Amino acid sequence: MEQVGTFSMIASVSHPANSPRTQPHPPPYLARLNPEQREAVETLDGPLLVLAGAGTGKTRVLTARFAHILLTGRAAPSQVLAVTFTNKAAREMRERVAAMLGRPVEGLWLGTFHALGARMLRRHADRAGLSSNFTILDADDQLRLLKQVMEAERVDAKRWPPPALMALIQRWKDRGLPPARVPESEEPEFAGGRTRSVYAAYQARLGTLNAADFGDLLLLPTELLRTDADVLAQYHRQFRYILVDEYQDTNLVQYLWLRLLAQGHRNLCCVGDDDQSIYSWRGAEIENILRFEKDFPGAKVIRLERNYRSTAPILAAAAALIAHNEGRLGKTLRPGAETAVGGAAGGEKIQVVALWDSDEEARMVGDRAEALRRDGESLAEMAVLVRAGFQTRAVEERLITIGLPYRVVGGLRFYERAEIRDALAYARVLAQPADDLAFERIVNLPRRGVGETALRAMHDRARAEHIPLSEAAARLVAAGALRGKAREGIAGLLAGFGRWRGQLEAEGHVIAMATMLDESGYTTMWQQDTAPDAPGRLENLKEFLRALAEFESLAGFLDHVALVMENETNADGERISLMTLHAAKGLEFDTVFLPGWEEGLFPNQRSLDEGGIKSLEEERRLAYVGLTRARRRVVVSHAANRRLYSGWQSAIPSRFLDELPEDEIERTGSAALGRAARHTGPVAFPLQVRGRVQEAWEQAPRPPQRASLTVGSRVFHEKFGYGTVTSVESDRLDVTFETSGPKRVLDRFVVAA
């Protein structure tokens, strides 16, 4: 209490004793707030939910509230618990509060859920059966330990993949369920109905090793608070105020942890936006924010609806779209007095562009971005936001073609992604058996029992006899110099390459590549992976085949990729940003392109199949996030024909387009495309098939272009560049290219320029 008194005395020197609300000259951090924001800062007693819409200044409110609590002497720094979702957000809040106070603040309980949970667990490690110097295992160590436990419990790791079992255990931990409290009804058939016993053995083994995994950093502190009255009472005495950012993204164990801590002084302030809850796939529960008033009786709800980011048409469109969701608390964004561009009522209408196919869509994005740059717009203030990562490839290649620098935010460029590099390595060995670097990359991918000893033997033989690594491997197998799994795995791989090269000659590069990825076990490896990004990696592999199909030969494709990957942009210069909608949350740009607004792609068909109406509403929230990233202009596009994953199919406009207000949008492109005939359902693209690969993962011919190419047409070829058609014969064109001279090509390999 002495610390509080000292801090209160400092505060009273800086501010009059009367309430800030009645001060004729409030401090600067309050004077900068609008009435709703200031009310959220000054409402200090009891539970408070601040519904902060996109661009309404939630970070300003949260930090001002933190500083206000300290400056008015309501609590010492160590008596405020402030929770963020990222270390970056915690660092920014610390810096802003220090700036408001005019000095560094020590002793704060400020950080992410897991950082604060780890701090609490180390403080009471003995009560959780650990020592305070316990080790936090990373993902690889967790998996290695689980494999040991499965072996001890006689659970077949080949039949029941450890990553899948680990994902199940972590889901239980995210729900606040230790082994003893997992309901018997939740025992799955997985691992022969022994998952709960394996979970218990895994937790016991962690205790023996004095270790905790990532999920334990919240599960164990929550269990302590739930079962140990002394520990709970200690934190009730300590924390007078609790501040939580991004409350809509909390999972169940985070909710339980917060609810237990808030039972003391009940001064809990949660800031969030139910309309931006887009992370259910990683455990977020939107119900946590929707039931706040029920969980905390007497809670006050303050809505921040003044948006200081976007123009009126963007806000009106976003509000009309999200109003179709039923699972929301309700608020309507409106322009704030400080809306920068276009004034409170001005601004460009949202452009909705109907296009013939996805290739034309990529050209549209690139050409519009280039035109904006010519008009003086900054590339750094433009972004292309996609629903699925594979969509960036076509845009990337178009930007490279026209020379616009870009960056992929929250991920790698398409051809730099691990699964694409793996597929390229397979393709390089298929085309050139002497490519040692590529062969070494894939010889044990997926795992074939080829360890360091076998690799060393291959390298020694290759150097001694001056032969490629693959030839050295073949000779070692023939001589019986390799044993066990290594011999069997390498022999199978080399035999496979013999078949696939024959198929390359007989059936073409697309069929051969698809067969190779399937028969090698590479696609199966990702199908069995339970990581959240595994489906996206499979989608990228299908997009890889789609790229391959655009070239007349495997060699031509590999040459193209080499040139693409050689293309380096100035890291210090302006670049247009490419990212998924999930990665864009919290960011803002002057211009936002939103391609691919079609049924099946957005809203995503897999999400709808798995979650029904609940998933549809999350997809709609994702669309809302995309619209509200833009300050000045939004370009939404959809195509009548899209190579969805790897096969051409007719596409219909997203239902979200019909939910945008006509007064705030401007449609361009063919009206017929905007109302394309609906098909009966999604087209399935199976990866693994028996025998001949089914049309190379459903590779279908590209639909004919709206305008047929004639003599004199200007065209673009991925390999030969720009040229002019000089002769047309059925599907064959004679083209004089600017840099490559006259060539005869198939019409499907060129696009109208």
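The values are calculated or read from the model by the stated rules, or taken from the named source; none is laboratory data. As the structure is a computational prediction, the values presented were derived from the model and not from experiment. Every residue, glycine as well, gets a Cβ built from its backbone with ideal geometry; the counts of neighbours run over all protein chains shown. Just so you know, the surface numbers come from the protein's heavy atoms only, side chains and all, with ligands and any DNA or RNA stripped out. Shrake-Rupley method; radii C 1.70, N 1.55, O 1.52, S 1.80 Å.
Just a few scattered comments:
- Selection count where residues are closer than 21 Å to W281 by Cα and either touching a residue at least 60 places away in the same chain (Cβ under 8 Å) or open to solvent by 50 Å² or more (accessible area, probe 1.4 Å) (or both), scope segment 167-194: 7
- Within segment 601-639, considering residues that are within 18 Å of the chain's Cα centre (by Cα), of a type in the set (G, A, S) and at pLDDT 90 or above, the one farthest from N307 (Cα to Cα): S615
- Residue, surrounded by the fewest Cβ atoms within 10 Å (Cβ to Cβ), within segment 571-606, restricted to residues that are assigned to a loop (DSSP other than H, G, I, E, B) and in contact with a Gly (Cβ under 8 Å, 6 or more places away or on another chain): E588
- Residue within segment 252-265 that is among the charged types (D, E, K, R) and closer than 30 Å to G73 by Cα present: yes
- From the options A623, A630, residue that is over 16 Å from A388 (Cα atoms), open to solvent by less than 20 Å² (accessible area, probe 1.4 Å) and either in contact with a helix residue (DSSP H, G or I) (Cβ under 7 Å, 6 or more places away or on another chain) or aliphatic (A, V, I, L, M) (or both): A630
- Test result for Y415, of a type in the set (F, W, Y) and either more than 22 Å from the chain's Cα centre (by Cα) or not in a helix (DSSP H, G or I) (or both): no
- Top-ranked residue in segment 220-243 [being within 11 Å of H124 (Cα to Cα) and aliphatic (A, V, I, L, M); ranked as most open to solvent (accessible area, probe 1.4 Å)]: L220
- Screening C269 against (1) part of a strand (DSSP E or B); (2) open to solvent by 10 Å² or more (accessible area, probe 1.4 Å) leaves a single unmet condition, (2).
- Counting only residues that are in contact with a strand residue (DSSP E or B) (Cβ under 6 Å, 6 or more places away or on another chain) and surrounded by 17 or more Cβ atoms within 10 Å (Cβ to Cβ), segment 408-429 holds 1 of them.
- Sole exception among (1) at pLDDT 90 or above; (2) assigned to a helix (DSSP H, G or I); (3) open to solvent by 30 Å² or more (accessible area, probe 1.4 Å) for M100, by number: (1)
- You will find that of R303, R328, the residue that is outside any helix (DSSP H, G or I), open to solvent by 40 Å² or more (accessible area, probe 1.4 Å) and modelled with pLDDT of 95 or more is R303 and no other.
- Residues in segment 342-401 that are assigned to a loop (DSSP other than H, G, I, E, B) and either surrounded by 23 or more Cβ atoms within 10 Å (Cβ to Cβ) or touching a residue at least 60 places away in the same chain (Cβ under 8 Å) (or both): 8 in all.
- Here N540 meets each of (1) assigned to a loop (DSSP other than H, G, I, E, B); (2) in contact with a Phe, Trp or Tyr (Cβ under 7 Å, 6 or more places away or on another chain); (3) of a type in the set (S, T, N, Q) with one exception, condition (1).
- If the condition is being part of a helix (DSSP H, G or I) and touching a strand residue (DSSP E or B) at 6+ places or on another chain (Cβ under 9 Å), then segment 220-252 contributes L220, Y235, Q238, Y247, Q248, D249.
- Some residue of segment 128-139 being assigned to a helix (DSSP H, G or I), among the aliphatic types (A, V, I, L, M) and surrounded by 18 or more Cβ atoms within 10 Å (Cβ to Cβ): yes
- For segment 460-480, the candidate set comprises residues that are within 22 Å of S520 (Cβ to Cβ) and open to solvent by 30 Å² or more (accessible area, probe 1.4 Å); within that set, the residue that is farthest from the chain's Cα centre (by Cα) is A478.
- Residue identified as among the basic types (K, R), open to solvent by 20 Å² or more (accessible area, probe 1.4 Å) and in contact with a Leu (Cβ under 8 Å, 6 or more places away or on another chain) among R501, R483: R501
- Within segment 272-287, considering residues that are open to solvent by 10 Å² or more (accessible area, probe 1.4 Å), touching a residue at least 12 places away in the same chain (Cβ under 8 Å) and touching a Gly at 6+ places or on another chain (Cβ under 9 Å), the one farthest from T250 (Cα to Cα): Q276
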